[in-house]
Amino acid sequence: MTAIQCGDVRFANIQAIVFDKDGTLEDSEAYLRNLGQKRSRLIDAQIPGIGDPLLMAFGINGDTLDPTGLLAVGSRRETEIAAAAYIAETGRGWLESLAIAHRAFDEADQFVGTAPSPLFVGSLEVLKYLSEAGLKLGILSAASTERVRAFVDRHQLGSYVQLQMGVDRGPSKPDPALFLQACQTLGVEPSATLMVGDSAGDIEMARQAGAAGCIGICWGKAEAAHLQTADVAITQLDEIQIVEP
């Protein structure tokens, strides 16, 4: 068992830490923004006038991405269904709307998905530091499991991370079943596991699952309203420190 200190908050008897990916370990804002813009343009090419409303629904405003918006926190499936709902408002049938959204999303992936996002500075060193201290580490993302695995392979994190879990067809964040499944896979109890994430969904999910604590991260920003329910908010991962129990 390990004690973790973040600022003035100490978490005792910790065996594992589960991290979100986008916005927590991976600096993916530019990638997600470009992806959302490409998706909206492709759909707008078929249904003129729908592009701007889709961007708003995705949480994209010019060159900024809302950290609480659909694209930042939702799964691929949730975002696709939301896009289909906007398409259906134009009078198309639901199955046709789903098909249009699905094709546009797949096409956008081909154009945007080849540009990898960087790790946030210092993330690799923190994962290595925590792993070498004997903690079990996992990634639980709203992205697909395929994208999580590609991220781990690209940045060579496999020797530090024992869990590579995304959202495919099952429940999405903040469903506590995801955190419970992650803990089961790691072989630890939720009460001995911390969650580190950049969204209210990460915090709510872990809280409902009985996690030992929730660490919110908003890189470079001292305060973030959407992280107020976390036990502690940090601006960079190296604020997570191992201390004597």
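Quick note: the coordinates plus some simple rules give every number you see, no bench work behind them. This one's a predicted model, so the numbers in the text were calculated from it and none came from an experiment. Note that each Cβ is placed from the backbone with ideal geometry, even for glycine, and that neighbours are counted across all protein chains shown.
The magnitude of the dipole of region 154-239, with charges of +1 and -1 set on the Cβ of Lys/Arg and Asp/Glu and taken from the Cα centre, is near 240 debye. Take the Cα of residue 9, step 7 Å toward its Cβ, do the same at residue 228, and the gap between the two points is 1.5 nm. With the alpha-carbon atoms of the chain aligned to their principal axes, the span from lowest to highest coordinate is 62, 32, 32 Å, starting with the largest.
Considering all C-alpha pairs of region 37-168, those separated by over 23 Å amount to 42%. Given a Förster distance of 35 angstrom, what is the FRET efficiency for residue 52 paired with residue 124, based on the Cβ-Cβ distance and rounded to 0.05? My answer for the efficiency is 0.35.
3J(HN,Hα) along region 155-170, derived from phi through the Karplus expression 6.51 cos²θ - 1.76 cosθ + 1.60 where θ = phi - 60°, amounts to 9, 6, 9, x, 7, 10, 10, 8, 10, 10, 10, x, 10, 10, 9, x Hz, with x in place of Gly and Pro. Each listed q (0.14, 0.16, 0.25, 0.26 Å⁻¹) maps to a log10 I(q)/I(0) for region 136-213, found by the Debye formula over equal Cα scatterers with no solvent: -0.40, -0.53, -1.24, -1.31.
Dipole check for the chain: with +1 at the C-beta of Lys and Arg, -1 at the C-beta of Asp and Glu, and the Cα centre as origin, the magnitude is about 460 Debye. Stretched out straight at 0.36 nm per residue, the stretch from residue 90 to residue 111 would grow longer than its current Cα-Cα span by 4.9 nm. By the Cα gyration tensor, region 29-112 has an equivalent ellipsoid whose semi-axes, rounded to whole angstrom, run 19, 12, 12 from largest to smallest. Using only side-chain charges placed at the Cβ, +1 for Lys and Arg and -1 for Asp and Glu, the dipole size of region 11-113 relative to its Cα centre rounds to 200 debye. Taking every DSSP helix (H) stretch of at least 4 residues in the chain, weighting each as -39,500 (n - 2.57) and dividing the sum by the residue count yields a mean residue ellipticity at 222 nm of -12500 deg cm²/dmol. Of interest is the spacing of the C-alpha centroids, which for region 62-90 and region 35-55 amounts to 11 Å.
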